1. Where Rh is the Kirkwood radius over the Cα pairs of the range 1-48, the temperature 4 °C and the viscosity 1.567 mPa s, what D in µm²/s does Stokes-Einstein return?
2. For the range 13-79, what is Rg from Cα atoms divided by 2.2 N^0.38 Å, rounded to two decimals?
3. Which order, highest average first, do 62-72, 26-36 follow once you tally other Cβ atoms within 10 Å for each residue and take the mean per peptide?
Amino acid sequence: MNKPVVSTLRGCLGLEAVDGRNVFLADTPEEFASRVILLLKDPELRSNLGINARKTVEAKCNWDQVVSKYINLYNRLLDRRA
């Protein structure tokens, strides 16, 4: 949805999250609040972060890739049983 995201590091584990590029990472309440306030004050930064977040999701989390990973996993599991 082209929305900027502020998350904890733990909240982004396993994702292609790059602090300042496609997400803001903040692990303390003070950092989190500071990042949110920064986004509220800077429309261009807010827009760029949201656009980059969407591009990352489209490139790394589309259905074709997700399904392909599961098919590969299932095939490997089935091969082990044979």
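1. D, rounded to a whole number, is 119 µm²/s.
2. Cα-based Rg divided by the globular estimate yields 1.53.
3. Top to bottom by mean Cβ count within 10 Å: 26-36, 62-72.
Read-outs throughout are calculated quantities, based only on the coordinates presented, and are distinct from any laboratory measurement. On a predicted model such as this, the values are computed, not experimentally measured, just so you know. When we count neighbours, we look across all protein chains shown, and the Cβ atoms used for this are built from the backbone with ideal geometry, even at glycine.
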